[in-house]
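The values are calculated or read from the model by the stated rules, or taken from the named source; none is laboratory data. Source: prediction; values computed, not measured. When we count neighbours, we look across all protein chains shown, and the Cβ atoms used for this are built from the backbone with ideal geometry, even at glycine.
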Amino acid sequence: MDNLNIDLDPRQETRRTANVISLMLPARMYEFECSWTTEQPLPAMEEFSCRLLLMLGGIHPNELQNYFGLNNQEREVLLNSLFEKRLAVINTDGSIKPSSLLQAKSVNGTNLVPSLTVFEERQEKAQFDLLSLQLLLKNNYSGTKWGLPEIEADSALMKASQDQICEAFSRQYRAHLENTRASLHEAQKTRLYKIGQCQQQHTLQVPIDMVIELEPIRDHEVRIIRDVSQKVGEVRKFSLSNELEAKIADYLGKLKVSDEGMSIEKFCELFGDEVLARYVSENRFDLSAWLLDRDRKKTGYGNQNTRALLGPVYLKNNRIEIERWLKSFLAGSEDKKVGRIYWLPADVPLWAASGSDLTEFIAKIDDVLKKSDNSHEGLVTLFPTENNDDNFNHRKKSFSQRLPHGVALYNASSLDRVELMVFQGVFAIAQYHLQPNKTSGITIPIGFMTSDPDRMDRIEKVLKDRLKNVSNYNVMWSRDKKKLDDLLDFEYLQIAKTNHNHQQPQKSLPLITYRNKANL
Amino acid sequence: MTNFLVKTRQLVCGTLVGLGQKQLGIAETNFDWVIVDEAARAQASELMIAIQSGKRVLLVGDHRQLPPFYDKNHLKSAAKRLGISKRSIQVTDFQRLFETAKGVTLDTQYRMCEPIGDLVSHCFYANELTKLKTGRGCPPDWYSALPHPWNTPVVWIDSGQGESVTGEEPSGTGFVNHHEINLILDCLRLLSQSPYLEHICESQTESQKYVIGIITMYRAQRDLLDQQLSRAEWAGPLRCLIKIDTVDSYQGQENPIIILSLVRDSIDKQQGFLVNEPRINVSLSRAQERLIIVGACRMWQNANNEDPLGKVFKFVKEQAITKKSDYKIVDTDSLHGEKNG
């Protein structure tokens, strides 16, 4: 028998969340004039009258009156209602019997009393993605969606005909009902009878969060599980169609991750990461083995001052840990203050591509900082920039609504797969972006956070080294209109304090509003 | 007008039921020949609609492939009313005619390359033919240059081994097998990264829309595989070349490459409807150039040997020793992936 060169090892499988990436799906809102039929239960007295009619085959109106204890007028109203709904018919002898409609509806047993079918016309608004015409839910996205990566709309679907849209709605109206009706019961009892008209409205971008999980399956191999679903309430999930999933996968497949810059081997060497170094061989990182060892608590750094970090800093568990470290530092004394916080990004396509988690990270860190220092400026992101850099406006558009401050640093070293975050004087984080699957633009940051003075020193040294050639700088954006002096500690960063009114690139920055997404 | 056309044309085509429309007047028309294709899939008495109008009748079909579909309740009710067994209703008119009129079995097939044709011939037609001949050439040369295991015409990948064996899992009224799905995805990923991907894409034609067919024995497996493949970023170049469906929807179709997911892998070696010979015959004989069977060997290795898949496994295993370039059994639970870095 042939073998496929796999060393099999009966190890336990484990799965870890390694990233949450937010994307914007192109969509368009449509308004439909719909006719619905809804089954409603009959009023109790009518229902019981029907049961009696079916059980006895016929009954005199007076017997019905006596059974319910009705007066003459009430009896007449009840009878008229049964006749109007075509549930009963009158015999020549004056008694009433079940109508053929009632008999037909209760053909499966007398316990199944017919319900009332109500016809209703109403306008419905529904949004469909412009990649596969799947109905997307109107969800209350908790994060900031401005600047998130956008998938380009399918040009053919931008011009989708009314018939195509009506067909898509009639195929998916159940999901629409479940999302718009007060109860699941009501949704289940409602059926689409007819679509009268469909009107195309504005285009929009719908954010989705994509959870990336890693599952080691054997030595050297890791399976990436991607779950893109919209949440409906607290429990239910609305899965995306296979066609839409495929469009998202194709988008991710087209993103290129550069191999330029520091290697994982060099990363371990430079930052003195002896734990990650154990899993590096021939400049490849064995993520699978690391995950399995992490599950067995074998990836520790030997003390509480340094701990491994998988996934971006804003991932829930990482954020909680960072908050804890900050709180613990500040708890020592009321006079303690956290210095400035610098974030040096990695050059990967989906860096900080997060709506909800990143928003929460910024807010929570701010909360902790402001408790001890109300004027703390928060996180400052440093963007190495070149003169006439095409990325300048793109970065500003991508991050200005999601990160509090952005500073452009001219002539700094180019970004690569290394990401640094320094809480000046408290602790620091160094991560390397692994690309577990070469055919996907998804990267997984891995590294450590440390308050160990030696390790911190190494991280700070790399940060300063990368900024050592900075000649000019300016504020790309600032949440509170802070000045450079507020955002940068020139002495600490060892940047010469000159020319700090560098002219920003003159390309006009489009105003980001949801309204002008209409020109998608 | 239609009636006029039916009575005056040299060639009239239609479906068995469609031709029965009264306005066509088929019953009053006399044709020199009536030819019925896929006649073994005609339900009881359906053939009569067409053959009543022919002086001579030629029925073309294969009763060793999937029979016509009958609703279980209808079958039960018909058997009760007629006082005969369900089995005798299931025997098709085609089969009866074939056996009584001593029908002719064609001995040359043109769809499958020789190793696949030999497998089908040995396992399903051995009683009637010494060997089903192959009337077509070898696959194009580039097939041999594909990465392992694609470089072999017939491969059985053993899904019942390794650490991540999950075996079958019930899903609704059927079963799924996650391990087989992962194996299939690994195989396809290898293909998507092959330098010969271009050739695979070029095999797509107007009449051959899908180059790769994936046949699953259960609908739940098809749905899960479809979902997983949709989520695969590497699948972009292959996506439009792949068709996934159940065996019951596959009769009459063919693809250059077929992957068959058997799904069943139970501790008590229960095969379910995989014991059904026509079903297995159809699923294997859809492949033209490459056939990859993904299934747990243990299900048919020491048990169920006399059943259709037992015979298939035995044949592939024997041939893998003597004809290594044509047959292979791969005893791993996955195909190797990339390391990170």
Checklist entry - Here is a list of conditions, (1) without any contact (Cβ under 8 Å) to a residue 60 or more places away in the chain; (2) surrounded by fewer than 19 Cβ atoms within 10 Å (Cβ to Cβ); (3) under 24 Å from B:MET112 (Cα atoms), and B:GLN270 meets all of them except one; can you say which number that is? => result (3)
Checklist outcome for this item: If we keep only residues of the stretch A:170-212 that are touching a residue at least 24 places away in the same chain (Cβ under 8 Å), charged (D, E, K, R) and not in a strand (DSSP E or B), then the residue farthest from the other protein chains (Cβ to nearest Cβ) is A:GLU186
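Could you please give the count of residues in the stretch A:78-102 that are assigned to a helix (DSSP H, G or I) and exposed (fewer than 13 other Cβ atoms within 10 Å of the Cβ)?
Residues in the stretch A:78-102 being assigned to a helix (DSSP H, G or I) and exposed (fewer than 13 other Cβ atoms within 10 Å of the Cβ): 3 in total.
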Checklist entry - What are the pairs, 6+ residues apart or on separate chains, where a residue within the stretch A:353-372 that is within 19 Å of A:GLU334 (Cβ to Cβ) has its Cβ under 7 Å from a residue that is in a helix (DSSP H, G or I) and among the aromatic types (Phe, Trp, Tyr)? => result none
Checklist entry - Can you spot a residue in the stretch A:360-378 that is away from chain B (no Cβ under 14 Å), touching a helix residue (DSSP H, G or I) at 6+ places or on another chain (Cβ under 7 Å), hydroxyl-bearing (Ser, Thr, Tyr) and outside any loop (DSSP other than H, G, I, E, B)? => result yes
Item to check | Candidates A:TYR141, A:TYR67 - the one that is within 30 Å of A:ILE208 (Cβ to Cβ) and aromatic (Phe, Trp, Tyr) | outcome: A:TYR141
Checklist entry - If we scan the stretch B:172-193, do we find a residue that is modelled with pLDDT of 90 or more, of a type in the set (S, T, N, Q) and in contact with a Lys or Arg (Cβ under 8 Å, 6 or more places away or on another chain)? => result yes
Item to check | Single residue of B:VAL36, B:VAL17 found to be at pLDDT 90 or above and closer than 23 Å to B:GLN90 by Cα | outcome: B:VAL36
Checklist entry - Can B:ILE212 be described as at pLDDT 90 or above and away from chain A (no Cβ under 11 Å)? => result yes
Next on the checklist: Of all residues being surrounded by fewer than 18 Cβ atoms within 10 Å (Cβ to Cβ) and under 19 Å from B:GLY172 (Cα atoms) in the stretch B:227-245, which is nearest to the other protein chains (Cβ to nearest Cβ)? Just the residue, please.
Outcome noted: B:GLN227
Checklist outcome for this item: Among helices (runs of 4 or more DSSP H) completely within the stretch B:92-198, the ones holding 1 or more residues that are within 22 Å of the chain's Cα centre (by Cα) and within 14 Å of another protein chain (Cβ to nearest Cβ) are B:178-192
Checklist entry - What are the residue pairs meeting all of these: first residue in the stretch B:321-332, first residue of a type in the set (Phe, Trp, Tyr), second residue in a loop (DSSP other than H, G, I, E, B), Cβ atoms under 7 Å, and 6 or more apart or on different chains? => result B:TYR327/B:THR152
Next on the checklist: Among the residues in the stretch B:116-127, are any farther than 30 Å from B:GLY272 by Cβ and at pLDDT 90 or above?
Outcome noted: no
Checklist entry - Do any helices (runs of 4 or more DSSP H) lying entirely in the stretch A:213-324 carry at least 3 residues that are within 14 Å of chain B (Cβ to nearest Cβ) and either without any contact (Cβ under 8 Å) to a residue 60 or more places away in the chain or under 27 Å from B:HIS178 (Cβ atoms) (or both), and which ones are they? => result A:242-254, A:264-271, A:287-295
Checklist outcome for this item: When every residue in the stretch A:104-138 that is in contact with a Phe, Trp or Tyr (Cβ under 9 Å, 6 or more places away or on another chain) and surrounded by fewer than 16 Cβ atoms within 10 Å (Cβ to Cβ) is compared, the one modelled with the lowest pLDDT is A:VAL118
Checklist entry - For the stretch A:288-319, how many residues meet the condition of being within 23 Å of A:ALA428 (Cβ to Cβ) and surrounded by 15 or more Cβ atoms within 10 Å (Cβ to Cβ)? => result 17
Item to check | Checklist (1) in contact (Cβ under 8 Å) with a residue 24 or more places away in the chain; (2) closer than 30 Å to B:THR322 by Cα applied to B:GLU128, failing item | outcome: (1)
Checklist entry - What about A:ILE21, is it surrounded by 13 or more Cβ atoms within 10 Å (Cβ to Cβ), within 14 Å of chain B (Cβ to nearest Cβ) and modelled with pLDDT of 90 or more? => result yes
Checklist entry - Within the stretch B:18-67, which residues are assigned to a helix (DSSP H, G or I) and within 26 Å of B:GLN251 (Cα to Cα)? => result B:GLY18, B:LEU19, B:GLY20, B:ALA39, B:ALA40, B:ARG41, B:GLU46, B:LEU47, B:MET48, B:ILE49, B:ALA50, B:ILE51
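From the list B:CYS138, B:CYS123, pick out the single residue that is crowded, with 18+ Cβ neighbours inside 10 Å and within 30 Å of B:ALA320 (Cα to Cα).
Values: B:CYS138 fails: crowded, with 18+ Cβ neighbours inside 10 Å.
That would be B:CYS123, the only listed residue that is crowded, with 18+ Cβ neighbours inside 10 Å and within 30 Å of B:ALA320 (Cα to Cα).
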Item to check | Matching entry among A:GLU167, A:GLU152 (being more than 14 Å from every other protein chain (Cβ to nearest Cβ), part of a helix (DSSP H, G or I) and either free of Cβ contacts under 8 Å to residues at least 40 places away in the same chain or within 18 Å of A:ILE248 (Cα to Cα) (or both)) | outcome: A:GLU167
Checklist entry - Considering the stretch A:320-343 alone, what residues qualify as being surrounded by 21 or more Cβ atoms within 10 Å (Cβ to Cβ) and touching a helix residue (DSSP H, G or I) at 6+ places or on another chain (Cβ under 6 Å)? => result A:LEU326
Item to check | Checklist (1) at pLDDT 90 or above; (2) surrounded by fewer than 17 Cβ atoms within 10 Å (Cβ to Cβ); (3) closer than 27 Å to B:ARG279 by Cβ applied to B:LYS72, failing item | outcome: (1)
Checklist entry - Before we move on, is A:LEU52 without any contact (Cβ under 8 Å) to a residue 24 or more places away in the chain and either in a strand (DSSP E or B) or surrounded by 15 or more Cβ atoms within 10 Å (Cβ to Cβ) (or both)? => result yes
